[in-house]
1. Which of (1) surrounded by 21 or more Cβ atoms within 10 Å (Cβ to Cβ); (2) closer than 25 Å to A:P134 by Cα; (3) within 13 Å of chain B (Cβ to nearest Cβ) is the odd one out, the single condition A:Q67 does not satisfy?
2. Is at least one residue of region A:96-112 among the hydroxyl-bearing types (S, T, Y), outside the structural domain of A:L170 (by TED's automatic domain parsing) and either over 21 Å from A:C51 (Cα atoms) or not in a helix (DSSP H, G or I) (or both)?
3. In the set B:E344, B:E357, which member is within 13 Å of chain A (Cβ to nearest Cβ), among the charged types (D, E, K, R), free of Cβ contacts under 8 Å to residues at least 12 places away in the same chain and crowded, with 16+ Cβ neighbours inside 10 Å?
4. Could you check region B:360-382 and list, in sequence order, the residues that are farther than 24 Å from A:C43 by Cβ and either within 14 Å of chain A (Cβ to nearest Cβ) or surrounded by fewer than 18 Cβ atoms within 10 Å (Cβ to Cβ) (or both)?
5. For B:R351, are the conditions met, namely being crowded, with 17+ Cβ neighbours inside 10 Å, touching a residue at least 24 places away in the same chain (Cβ under 8 Å) and of a type outside the set (A, V, I, L, M, F, W, C)?
6. Consider region A:11-42. How many of its residues are over 21 Å from A:K272 (Cβ atoms), more than 13 Å from every other protein chain (Cβ to nearest Cβ) and without any contact (Cβ under 8 Å) to a residue 60 or more places away in the chain?
7. Select from region B:255-284 the residues that are more than 12 Å from the chain's Cα centre (by Cα) and touching a residue at least 60 places away in the same chain (Cβ under 8 Å) and write down the one among them that is farthest from B:T182 (Cα to Cα).
8. Search region A:109-135 for residues being farther than 21 Å from A:P56 by Cβ and within 14 Å of chain B (Cβ to nearest Cβ), and hand back the single one that is most open to solvent (accessible area, probe 1.4 Å).
Amino acid sequence: MSNSETTPGVVPGRLADAAYKSNFDDLYGPLDAHEAVVAADRCYFCHDAPCVTACPTSIDIPLFIRQIQTGMPKAAGRTIFDQNILGGMCARVCPTDILCEGACVREAAEGKPVLIGRLQRFATDTVMDSGAHPYSRAPSTGFRVAVVGAGPAGLACAHRLAMNGHDVDLMDARPKLGGLNEYGIAAYKAPDGFAQAEVDWLMQIGGITMRTNVRLGRELALSELQDDYDAVFLGVGLAGVNALRAEGEEHDNVHDAVDFIAELRQAPDKSKIPVGRDVVVIGGGMTAVDAAVQSKLLGAETVSLVYRRDQAQMGASEHEQLHAASKGVRIITGAAPLRVLGDGVVTGVEFAYTEQGPEGLVLTDNTFHLKADQVFKAIGQRLDEAPGGLQLDGSKITVSGAGRTSLPGVWAGGDCAAGGDDLTVTAVAEGRDAAEDIHATLMGQASVAAE
Amino acid sequence: MADLSTDFLGIKSPNPFWLASAPPTDKEYNVRRAFEAGWGGVVWKTLGQDPHIVNVNGPRYGAVWGADRRLLGLNNIELITDRPLDVNLREIKAVKRDYPDRAMIVSLMVPCEEQAWKDILPLVEDTGADGIELNFGCPHGMSERGMGAAVGQVPEYIEMVARWCKQNTRMPVIVKLTPNITDIRYPARAAKAGGADAVSLINTVSSITAVDLDSFSPEPSIDGKGSHGGYCGPAVKPIALNMVAEIARDAETHGLPISGIGGITTWRDAAEFIALGCGNVQVCTAAMTYGFKVVQEMAAGLSEWMDEKGYASIADFQGRAVPNVTDWQYLNLNYVAKAKIDQESCIKCGRCYAACEDTSHQAIAMSDDRVFTVKDDECVACNLCVNVCPVDGCITMEQMAAGQTDPRTGQVVSDDYANWTTHPNNPGAVKAAE
């Protein structure tokens, strides 16, 4: 292909083939055994360790690192999976700089935390590479649970339910299981089909039947699920995308960043993905960063990420921002889109600088244009609609305790449920905890019935 | 600039750092490299009778590591030199001729028969060596043949062989002691009684460093079997310091020159041995771990420290710590200290808390936001928190001033000295004269 980084328009093949391979290869790569031991040696085995407190799934980090240090990486992996069955994915995608590693006392001491995320990957990879699944199911309880949505929350919930002896039907609207693990993460964070390999490994627990291409509100109705199952867990995520509410949003080559990210993840050959010469990404979260960085990796000449508030309020962690900057993404903060320019096809975006006023953010008269032949919107997702009359808290499902919704027998967790940080690891924690609550509820009902 | 030169038994060397009799001093090639790197002297690896001994053809060393695989302890099952006597003698002579300002000591180990010593001593004298060191220390292999530690464990043999050597050579005689005994003072006294000019210690400690959990062989493993070796390196330094101190403060051996050996790795280690009375130090494991260049840090560090302290020569601080080594019963029981945590340098790891709460006196409080503070009314000043804290200087022991009340005991701190010998709880307490 003869395209280059300066070819105008939205075109594929801006780079040489080898560049795609290296650009979308494993970002950090695995630690080898020597590196792992050296990294593990730095752990102080803190009392009531701050890293554990900072982990939404409360993985016993000092213990698993000590197990690596003593030559028992499989035992270390088991320590991780006991708390977080998707510990392999979390090791790759967690914003560790604001979670465990941000809390590490060696971050306080030397500005260099123990490499907890990469050590977690070392341990979980060791277990998963062995092929065996380390858990087995409790005797069957006879209860059947519907888990709707096979993202991190649904997978964690289904696994824990199956482990506790329940039979699980795991349903998802997409053709593959995994949710955002499969469709919503930058390709270089989990290459080589890791998300599917993890699903396959997790399913080895048994007792989980999967149904794909079924969507709540289309093939599935919540009331029917309530009738057909002893309990229902909703981990449906946020399928809707917030609109810019700026003039010209309908121009060609203005896309939702989540669609771009999903398309990229699913594309076996990244050189086939068209990308603009001048790309503008609007938003400040992980989705915005993933879209911006990957645009650059596809060969865009300029990529600007524009966020309306100040840098400290960006959803993307500092580490993610630095990563984006290192790839050549220009980050502009304190500016909001006024209108998308173009004549059928986008040619640019006009922004206004913002100010924090007493009533909230206000646009100033100070404006600027950015040239753009492709624009990605990444300003948040929402529930399309409330399934089956569930009470909502803002745009998310109201939950109390371990994911109990306003309807009896229906639990929810992950991004679709109110609260939480919209992180993979938070979703896993919520799915796991809901599963334990469902288990306790069902077994409690059973023992009452027996009496 | 401090003068690092030493005169040990009349043997002069430009600095107090000698390489101990060990693999690094087995050959002319190594010793020349050592002298070029700056070592003040060497004790040539132990010579024996011909036919020369043989070594195993498998692993000779086992090890113990700390974090980041830092080598803390090394053990070996190597025997004395496995080269012909005349080769060693020729090389010693050549090296001494080329490095006349360095100390050249020759370690010897022959059977406990006077003739054996009478035979070898003139050969060593002929090399121009400055002195001899009698290897009564190696705990492995040679001890099974009645030599090495087998001699060092019997004071009468030490005295006998030392005397033979003194009678049959003009060279100064250093007796190298084994730590594999219950009381180091007895062999030291015997060496002195036999006329030895000095003792050197410690030789290695009998040890097995590890067991292979697949083959169930001790390490180092030779065809599935292992034999105890001699342990050395930083791990044995505390054992060596104590033994040196015991000899330095013993009424019978006080003043007997000592060459200190045992885990010396830095200038500080060396200074500590010298402060406990040593006239110089011998090093092996540090060189085997890092190469001969380590002596440059040792010399520079010692020199700088001496300059800072105003010591012009080694003799200025040699033995300064000896009067402060005492028996437990004479420690001042009126000395009261409390741990203090510097909140500025605390990194909130909580190890002090875990250690104190689980294994000591429950004297550290932990707040919800991980602020760790010492409970003076529980703290016995045991020092465990200081020892487990990863940040040097974060936790300190602060002496309570006289007149203050110790909140733990309710007693007013006295500046009088009072020890166990007069303590009321001591059934054998000596009553003060009435």
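1. Evaluating A:Q67 over (1) surrounded by 21 or more Cβ atoms within 10 Å (Cβ to Cβ); (2) closer than 25 Å to A:P134 by Cα; (3) within 13 Å of chain B (Cβ to nearest Cβ) leaves (3) as the failure.
2. Yes, region A:96-112 has at least one match.
3. Selected residue: B:E357, the only one of B:E344, B:E357 that is within 13 Å of chain A (Cβ to nearest Cβ), among the charged types (D, E, K, R), free of Cβ contacts under 8 Å to residues at least 12 places away in the same chain and crowded, with 16+ Cβ neighbours inside 10 Å.
4. Answer for region B:360-382, where residues must be farther than 24 Å from A:C43 by Cβ and either within 14 Å of chain A (Cβ to nearest Cβ) or surrounded by fewer than 18 Cβ atoms within 10 Å (Cβ to Cβ) (or both): B:H361, B:Q362, B:A365, B:T373, B:K375, B:D376, B:D377, B:E378, B:V380, B:C382.
5. On the way: crowded, with 17+ Cβ neighbours inside 10 Å: yes; touching a residue at least 24 places away in the same chain (Cβ under 8 Å): yes; of a type outside the set (A, V, I, L, M, F, W, C): yes.
Yes, satisfied.
6. 2
7. Here the residue is B:G279.
8. Filtering region A:109-135 for residues that are farther than 21 Å from A:P56 by Cβ and within 14 Å of chain B (Cβ to nearest Cβ), the one most open to solvent (accessible area, probe 1.4 Å) comes out as A:K112.
The values are calculated or read from the model by the stated rules, or taken from the named source; none is laboratory data. What you see is a predicted model, and the numbers here were worked out from it, not measured in a lab. Cβ atoms come from the backbone with ideal geometry, glycine included; neighbour counts cover every protein chain shown. Side chains are part of the model used for accessible areas, which takes the heavy atoms of the whole protein and leaves out ligands, DNA and RNA. Shrake-Rupley method; radii C 1.70, N 1.55, O 1.52, S 1.80 Å.
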